[in-house]
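Since the structure comes first, as structure tokens, the remarks are kept for the end.
The values are calculated or read from the model by the stated rules, or taken from the named source; none is laboratory data. Just so it is clear, the model here is predicted, and its values are computed rather than measured. Reconstructed Cβ throughout: ideal geometry from the backbone, glycine too, with neighbour counts over all protein chains shown.
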Amino acid sequence: MKRTVLEMLSAAAVNYKDNTYVSDKTDSGWKSLSFSQVEEYSSFFAASLIKEGVQKDDKIAVISEGRSSWIISEYAILKTRAVCVPLSVKLQSQEIAFRIEHSETKYVIVSKNCIPKILAIKEQISALGVRIIYLDEPDSGEKEFSNVLYYDKLLESGRENFQEIRQELNQRISLVEENDTVTISYTSGTTGNPKGIMLTHLNYWSNSHDAVQYFRLEENLKTLIILPLDHAFAHTVGIYCAALCSLSLYFTDSRGGMRNQLKNIPLNIKETEPDFILTVPAITGNFIKKIKDGMAQKGGMAEWIFNTGLKNGILYFGDGFQKPSVWKKIFRYPFYALAEKTVFPEIRKTFGSRLKFFIGGGAMLDIKQQQFFNCIGIPVMQGYGLSEAAPIISVNQRHRHKFGSSGGTLLSIDCKILDSEGNELPAGKKGYITVKGLSVMKGYFKNEKATAEVISEDRRLNTGDLGFIDEDGFLFVTGREKAVLISADGEKYSPEEIEDAVVNCSDYISNCVLYNDHCKYTCALITLDNTRIKTYISKHNITSPKKILEVVKKSFYAFQSDDSYKNKFPKQWIPSVFAVLPESFSEQNKMVNSTMKVVRFKVLECYKDRLERMNTPEGKNSDEENLQVLQKLFF
């Protein structure tokens, strides 16, 4: 049997025939499709694509929120031996146009939430011969778009004409090879122009089988998909792992736009009662803020029990792998137990009655977040991956985990830490994270040079990340190679751990970016949580930005006295000075990408002048600019 995702779907349609695969929220409730129905509908849609002229290796882009029709469309694309190009709903029109042109896309499948972006470039992409397939129907009174195909009509046409095209479809499916490209997934462009990552059937087959086996994912669980399906993590788990263990996917209700989707997450969690949820640090960080703000509003004894229980619970559990001494556990347990009996169950109810854990990916998850969720009873099993590796490389297991780490590597992945000369480093030594295995990408589309830069002749992938593997076999990711700080004497240091420490220990700082390019000391750029600052100002009747700057300074360096970070970082890399920025990082100002990662080079480029001034004696010793920013923001 060929190791392809189509074989996985075919097997699921037999083994889990009537089990729910995908579900969407509609006006009449949740509408579900079984594994056998997805298999059948994708064949109907594939038949229509063939009739429309889709050929082997044609590129078909999909830009939509997560939904059943995405899953059906992707399988249909693969059955025609075409290639899927998943695009982020958060891309701007011209960013979409670049990816469509670069990938040589011939069709773009688009949802109602994204159709305005496609219509804005319709003439541009039509000149390239691109046709639009619309997943939805026009609103009542609205005319059908000209020269646009409609998903429902194609699906029905495929059903009606299936016998006519069935033989050709079956032949195409039989010719699908393990090394055929499934997707061209574009990098987010945090360090430059996006590159198209070619992932094959074997890449996805291998990674999904490895992930289900290593994590010991049970059959017949449910999950609510809150991450976009173009996200590599959600793509592999949300489409392909599901076929291996009868995982039921419920998609967050996005009717009315993407803002509504965010608002619908809490309601959808209660409606669907998921067993686990895929998440990224930006989402879990937001959950923590809301939980803490909610407890602060309650105040009094409830807040005291929460804070005391959290502090003692974290110490009671240790790092999850090395347990604290019996005496420490005996001392901490009563405070934790009180919170576990009173406030923690109420917090868990907001995530439904069945949620057992989160699986974290997308970026490094700071140890503070891991400790927090473990303590309240819904642990985040943090993993690490890279789109170029399809994407899962490592993950913490429920029965074996260590907070602060990204878990152990999947069984068929050979992960090595190498120095700059390519020599393997021993346990505990930091270096370049490299991986080898069946999940490593075919390469970058139309970019052999970039492919050669990251994949060696023996197919070992340099992830571009720095880290180490400890003596217990846990992988620790410490930062991106391209983000390293370089001091005046040439020493190098990855800044992400300090940046995370600042944000996670501060009540008032939302983003932190460190900078040192051959300088005598390290600087930082920070953005503030304006809502919390305003609450503080109102509560304490503050009338001067000087007082707020004192609060921000104290909050900035709070990590230095936190048990999780105390004496962890070399003094030369702890910022000597920081600049308060006039606006938050957002997708609108291009400072974060679609997965909410900070686009470092754009931040540093935008605030280049500010950084230069901080690296002068006058700039280092003056608060004037920070006071001006605070005055403008809050007074």
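Annotations
- Among residues of the stretch 419-459 being touching a residue at least 40 places away in the same chain (Cβ under 8 Å) and of a type in the set (Lys, Arg), the one that is farthest from Asp180 (Cα to Cα) is Lys430.
- Tyr432 meets each of the listed conditions (1) crowded, with 19+ Cβ neighbours inside 10 Å; (2) aromatic (Phe, Trp, Tyr); (3) closer than 16 Å to Thr463 by Cα apart from (1).
- Any pair with Cβ under 6 angstrom, 6 or more apart, that starts in the stretch 526-540 at a residue that is within 10 Å of Phe634 (Cα to Cα) and ends at one that is among the hydroxyl-bearing types (Ser, Thr, Tyr): Ile533/Tyr508
- Filter pass, Leu278 being outside any helix (DSSP H, G or I), in contact with a helix residue (DSSP H, G or I) (Cβ under 7 Å, 6 or more places away or on another chain) and within 27 Å of Asp470 (Cα to Cα): yes
- Scanning the stretch 176-219 for residues that are farther than 25 Å from Arg459 by Cβ and aliphatic (A, V, I, L, M) turns up just one, Leu217.
- Some residue of the stretch 496-504 being surrounded by fewer than 18 Cβ atoms within 10 Å (Cβ to Cβ) and modelled with pLDDT under 90: no
- Listed here are the strands (runs of 3 or more DSSP E) enclosed by the stretch 327-418 that have at least 3 residues being buried (at least 22 other Cβ atoms within 10 Å of the Cβ), touching a Leu at 6+ places or on another chain (Cβ under 7 Å) and touching a residue at least 40 places away in the same chain (Cβ under 8 Å): 392-395.
- Residue within the stretch 297-317 that is without any contact (Cβ under 8 Å) to a residue 24 or more places away in the chain, charged (D, E, K, R) and assigned to a helix (DSSP H, G or I) present: yes
- Given (1) under 25 Å from His518 (Cα atoms); (2) at pLDDT 95 or above; (3) more than 22 Å from the chain's Cα centre (by Cα); (4) not basic (Lys, Arg), number of the condition Ala488 does not satisfy: (2)
- Candidate set from the stretch 462-477 (those that are at pLDDT 95 or above and aliphatic (A, V, I, L, M)); member that is nearest to Gly361 (Cα to Cα): Leu475
- Matching entry among Asn220, Asn179 (being touching a residue at least 60 places away in the same chain (Cβ under 8 Å), surrounded by fewer than 22 Cβ atoms within 10 Å (Cβ to Cβ) and under 18 Å from Lys446 (Cβ atoms)): Asn179
- Residue satisfying all of: in the stretch 592-607; of a type outside the set (A, V, I, L, M, F, W, C) and not in a loop (DSSP other than H, G, I, E, B); farthest from the chain's Cα centre (by Cα) among these: Glu605
- Of all residues in the stretch 470-485, none satisfies being β-branched (Val, Ile, Thr) and touching a Cys at 6+ places or on another chain (Cβ under 9 Å).
Yes/no per residue for (1) within 21 Å of Ile498 (Cα to Cα); (2) assigned to a loop (DSSP other than H, G, I, E, B):
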site	(1), (2)
Lys553	yes, no
Tyr565	yes, yes
Lys568	yes, yes
Pro582	no, yes
Gln588	no, yes
Asp609	no, no
Glu625	no, no
